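Asker: Sending over a structure as structure tokens; questions will come in a sec.
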Amino acid sequence: MVTFRTRLSKISKTNGKVILANDYDAVTRNLESKTIQNIKKLNPFLCGIKLNFHLLLPLGFKEIMRINKTAHHYGLQTIADIKLNDIGNTNRVTTEHLWNMGFDAVIVNPIMGLDSLKSLVKSAHKNNKGVITLCHMSAPEAKLSYDMQIALKKKQQLYQLFLDWALLSKVDGIVAGATFPEIIKYCDKKAGKKLDIFSPGVGTQGGHASEVVSAGTDYLIVGRTILNDSNPQAIAKELQLQSLAKQ
Ligand code: BMP
């Protein structure tokens with residue numbers, strides 16, 4: 001069985017490097033069928049789909065399994081974006097549920113600590129699943145926390161420590177927001193090919209696809225710019241082309 005990184009890289013060679021953030025608000029009904037429709041309509045332009053915590057909450061185990069199964073049928077990888085951050089035992093049970101539902105990877109918060117992160121990655125990899133850690137988020141206020149100067153073993157900023165931990169624990173990828181291209185450049189330079197960079201924040205949040213792709217992003221995570229467009233397929237196709245521009 002191949003790794004999450006390999007599976008994602010394989011599909012992205014034909015479909016491009018856009019991951020759909022399948023986000024809906026709390027009043028939206030028929031989440032399962034809407035999501036399955038998105039997969040059916042948009043799959044030629046996507047390499048994966050990300051289901052956020054707020055989408056998973058109103059869905060049941062079987063519905064989520066059916067969504068993951070449909071995504072896999074079209075060759076897409078699925079990511080559970082729950083920004084997991086707990087003690088080792090709780091992380092273990094949570095990821096067991098996610099893998100049983102058919103997810104390929106989970107997004108976690110490295111603030112849990114290096115040892116917890118290492119054991120989470122180890123158990124995920126045993127199951128051929130992936131782990132993506134937050135490094136620097138896309139919201140403007142992310143500067144206040146992720147840019148914070150810290151002094152642990154050496155003086156550095158929090159996102160630099162999170163990148164070090166990502167490399168030490170051998171995660172599959174990191175989240176670096178598209179609204180901070182300089183941070184993406186830093187991460188790309190330091191990490192090289194050891195992990196993939198996932199960038200949300202394109203479009204609605206102000207990030208530019210081509211700019212972040214040349215800064216070193218490997219995968220664009222895009223939600224509202226696609227979902228709220230009058231022609232989601234056309235905009236997904238445009239982003240697909242931009243995601244491949246660096247190759
Ligand atoms: P949109 O393209 O609609 O702005 O959606 C971005 C998606 O990425 C959302 O699901 C959001 O929760 C997620 N995200 C983000 O925007 N910034 C981050 O730093 C990390 C995220 O997971």
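The values are calculated or read from the model by the stated rules, or taken from the named source; none is laboratory data. Being a predicted model, the structure only gives us computed values, none of them experimental. A quick note on method: Cβ atoms are made from the backbone with ideal geometry, for glycine too, and the neighbour counts reach across all protein chains shown.
Asker: Of the residues that make up the stretch 141-150, is at least one within 25 Å of residue 6 (Cβ to Cβ), touching a strand residue (DSSP E or B) at 6+ places or on another chain (Cβ under 9 Å) and buried (at least 20 other Cβ atoms within 10 Å of the Cβ)?
Answerer: no
Asker: Taking residue 94, is it in a helix (DSSP H, G or I) and either among the β-branched types (Val, Ile, Thr) or surrounded by 21 or more Cβ atoms within 10 Å (Cβ to Cβ) (or both)?
Answerer: yes
Asker: Would you confirm whether or not the stretch 183-195 contains a residue that is at positive phi and more than 16 Å from the chain's Cα centre (by Cα)?
Answerer: Our first condition is that a residue be at positive phi; within the stretch 183-195, this holds for 192.
Filter again for more than 16 Å from the chain's Cα centre (by Cα), leaving 192.
Looking for residues that are at positive phi and more than 16 Å from the chain's Cα centre (by Cα), one finds at least one in the stretch 183-195, hence yes.
Asker: Just to be sure, is residue 63 farther than 18 Å from residue 227 by Cα, at pLDDT 95 or above and among the acidic types (Asp, Glu)?
Answerer: yes
Asker: Still on this structure: Specify which of the listed residues (204, 217) is within 9 Å of the ligand (Cβ to nearest atom) and either at pLDDT below 95 or of a type in the set (S, T, N, Q) (or both).
Answerer: 204
Asker: Looking at the stretch 187-199, can you tell me whether even one residue there is within 30 Å of residue 28 (Cβ to Cβ), more than 9 Å from the ligand (Cβ to nearest atom), small (Gly, Ala, Ser) and surrounded by fewer than 14 Cβ atoms within 10 Å (Cβ to Cβ)?
Answerer: no
Asker: A further question follows. How many of the residues in the stretch 48-65 are within 18 Å of the chain's Cα centre (by Cα), in a helix (DSSP H, G or I) and under 16 Å from residue 99 (Cβ atoms)?
Answerer: Selection size over the stretch 48-65: 2.
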